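Worksheet: one structure, shown below.
None of the figures in this text is laboratory data; all of them are computed from the coordinates on show. Given the structure is predicted, the values throughout are model-derived calculations rather than measurements. Cβ coordinates were reconstructed from backbone atoms using ideal geometry, including for glycine residues, and neighbour counts include every protein chain displayed.
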């Protein structure tokens, strides 16, 4: 008897999962159409729907009087996306980003908070929780958060985060779990950004791509055979530590590669070009920007200001060396540049492509992120939805579906 009961329960869970998957793709469906779509009897579908309705996940609606079918109008049923919410969080030295969505992935609230330099870890978390409260998350089922550095997702421990050392350890996860009252997942920001790109942009659903997050620091998310590749130590893609220059060396916690192409170097090059060419107004603009100097330079690139364009061309030549190294080892079909540098758009792409031209190996397609600074928070949101599907709905996603 126990084996039969267990088998029946398992079958009901499988049926319910199939029904939820189908319902989440449509605003509403009739019971008959749903049964036909999932390949189950109407009776089996009705039993599952009644159980799901008791859990608050589906709702029976009005009769479909617009249908052309003869006989009694069909009853409609819909997935209750509003039954719960999930949370996506992004933490960087520059800002905090919060996004809340319903169970169908529709973003219902979002917020961005700029951070002053030098905040302690506890202060960063206080501001993050305040932003979550303003967003009005409601009934939270799951939260995911992306941070810079080397992160152990299994334990929620940040092993190394040079740009925000006050968050090292498990402080962030402990505080969030206590405050939010739901499971919390922590991961490297670039890995989550890669998930965000693949979810929100159909053209990014390549089975072989590298997402390069380029700003103050540089990191990569690697997708091989349709799955995110993490490496033996979960820090595959830490390309900021590449050493591809004769005089390569890190400084101020930066790896050799990001020390030559990162935000501080871009600002330094732009300032030097302005001073050399007597562009006093441009130099003053950078100084006035203070800790937002990189933003000022990147804005100037889009405007075509010569000192900023020259700085971008210099770092693009250096950056091309990193792309060439990635190409030689991984041979990805697509490389996507995300993060703050993505706002430079085609001007940046043209420079990198020019410096890649003439190399013996055929280079991958090169594009900029359409999500830019929102890729991390949307990737965190996608991960939260995936976890709800896995743990609450029983919908196991394959690697090829992961980014959708």
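Here are some notes:
- Residue of 40, 186, 228 that the Gaussian network model of the chain assigns the largest fluctuation, springs spanning Cα pairs under 10 Å: 40
- Computed Rg/Rh of the chain, alpha carbon atoms with Kirkwood Rh: 1.05
- Here the extension length gained between residue 177 and residue 41 equals 44.8 nm, from 0.36 nm per residue of separation less the Cα-Cα distance.
- For segment 108-163, the square roots a ≥ b ≥ c of the C-alpha gyration tensor eigenvalues yield an a/c of 1.5 or more together with a/b not exceeding b/c, which makes the shape oblate.
- Fully extended contour minus Cα-Cα distance, from residue 157 to residue 224, at 0.36 nm per residue: 21.6 nm
- Between 218, 107, 261, the residue with the greatest mean-square fluctuation in the GNM of the chain (Cα pairs under 10 Å linked by springs) is 107.
- Of all DSSP-defined beta bridges confined to the chain, some 65% are antiparallel rather than parallel.
- Calculated [θ] (222 nm, deg cm²/dmol) that DSSP helices of n ≥ 4 give over the chain, each run adding -39,500 (n - 2.57): -14000 deg cm²/dmol
- Exposure proxy ranking for 185, 229, based on other Cβ atoms within 10 angstrom of each Cβ and starting from the fewest, stands as 229, 185.
- The gain in end-to-end length when the residue 130 to residue 299 segment is fully stretched comes to 57.9 nm, 0.36 nm per residue minus the alpha carbon separation.
- Interatomic Cα distance distribution for segment 202-370, bins of 10 angstrom, percent: 10, 39, 35, 13, 3, 0
- All-pairs alpha carbon distance profile, segment 284-331, 10 Å steps from 0, percent: 25, 36, 24, 13, 1
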